[in-house]
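*Asks:* Take a look at this one; I'll ask things after.
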Amino acid sequence: MRWAPRQETQHDSQAHQGLRQKRADLQAEAKGLLTAAAAEGRGLTDAERQRDDAIQVELAAIADEVTRYERAAKAEPVSASRLESDRPRGRAAVGPASPGAGQRPDAEGSPPGRPR
């Protein structure tokens, strides 16, 4: 099926905006974890590390979803009647076949009619 540009709906726009806001919130939370640990002169605790890992997984999922929305905003299905109207008319010119085309090579691997 061919695809053509489409208008983004208000629902798409709101969902996309919601994902972007969630991404910003998660990024701020992850930065806060790292900043707090650095301010105290320590590394992340096990609980902070687990939360940061979970945030990274959520961010990856959001990135995939945002990509889906952006791809969908750029394309929509084209009707079968439109495909018919876009079909090229006439035939393409076909030249003569090369010598030996469609013939199998001889026992030594040379095409028929060629010197060895």
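*Asks:* Provide a single number: the residues in the range 32-52 that are in a helix (DSSP H, G or I) and exposed (fewer than 12 other Cβ atoms within 10 Å of the Cβ).
*Replies:* 7
*Asks:* Select from the range 53-71 the residues that are more than 20 Å from GLN14 (Cα to Cα) and touching a residue at least 12 places away in the same chain (Cβ under 8 Å) and write down the one among them that is surrounded by the fewest Cβ atoms within 10 Å (Cβ to Cβ).
*Replies:* If we take residues in the range 53-71 being more than 20 Å from GLN14 (Cα to Cα) and touching a residue at least 12 places away in the same chain (Cβ under 8 Å), then GLN56 is surrounded by the fewest Cβ atoms within 10 Å (Cβ to Cβ).
*Asks:* Could you please give the count of residues in the range 8-31 that are hydroxyl-bearing (Ser, Thr, Tyr) and part of a helix (DSSP H, G or I)?
*Replies:* Final tally of qualifying residues: 1.
Where a number appears in this text, it was derived from the coordinates with a stated rule and is not lab data. Predicted, not measured: the structure shown is a model, and the values here were computed from it. Here the Cβ is made from the backbone with ideal geometry for all residues, glycine too, and neighbour counts use every protein chain on show.
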